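What follows is a short report on a single structure.
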Amino acid sequence: MLDVAFITDSSTTSELVAATIVHEAMHARLTKWGVGYHTSIQPRVERLCLRAELDFAAKLPTPQRVREVAEASIAAPDSYWSSPERARRHREAYVKAIERLPVPKWLRRLLKRRVRHRGAA
């Protein structure tokens, strides 16, 4: 599933979208091969998917941005990939997305409060 905010962001290039699809396809491939996503191997799995992005970038005529984003993520500490840290980042993304909704301000406040206090689900 691709985030609409990511897709519609003016800094998101078509190459980045394609690299994200490659990344998610690698997750699907690993799942098919029986590789789980247990907490203990999350950083390793993510880095493997990011390496698939780098392999893809090598085939692009303009790979710089994809390479830059993937390499920055590969360099992130293992804690970046932990479930609590990922949940925090997802909550932040939901709050930003809520701010852009074309709904009354009171509803945006209510939705943001729910995300912050109970999680995004």
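The values are calculated or read from the model by the stated rules, or taken from the named source; none is laboratory data. The shown structure was predicted, so the numbers you read here are calculated from the model rather than taken from an experiment. Neighbour counts run over all protein chains shown; Cβ positions are idealised from the backbone, glycine included. Accessible surface areas use protein heavy atoms only, side chains included; no ligands, DNA or RNA. Shrake-Rupley method; radii C 1.70, N 1.55, O 1.52, S 1.80 Å.
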- Message: Would you confirm, using the coordinates I've provided, whether Pro77 is loosely packed, with under 13 Cβ neighbours inside 10 Å and either under 26 Å from Glu15 (Cα atoms) or in contact with a Gly (Cβ under 7 Å, 6 or more places away or on another chain) (or both)?
- Response: yes
- Note on the structure: Checked pairs for region 52-72, first over 16 Å from Ala25 (Cβ atoms), second open to solvent by less than 100 Å² (accessible area, probe 1.4 Å) and not charged (D, E, K, R), C-beta under 6 Å and 6 or more apart or across chains, list as Pro63/Ala57; Arg65/Thr13; Arg67/Ala57
- Message: Quick check on this structure: which one of Arg51, Arg100, Arg89 is among the charged types (D, E, K, R) and surrounded by 12 or more Cβ atoms within 10 Å (Cβ to Cβ)?
- Response: Arg51
- From (1) surrounded by 15 or more Cβ atoms within 10 Å (Cβ to Cβ); (2) farther than 16 Å from Phe6 by Cβ, pick out the condition that doesn't hold for Leu110. (1)
- Out of curiosity, is Leu30 open to solvent by 30 Å² or more (accessible area, probe 1.4 Å) and not aromatic (Phe, Trp, Tyr)? no
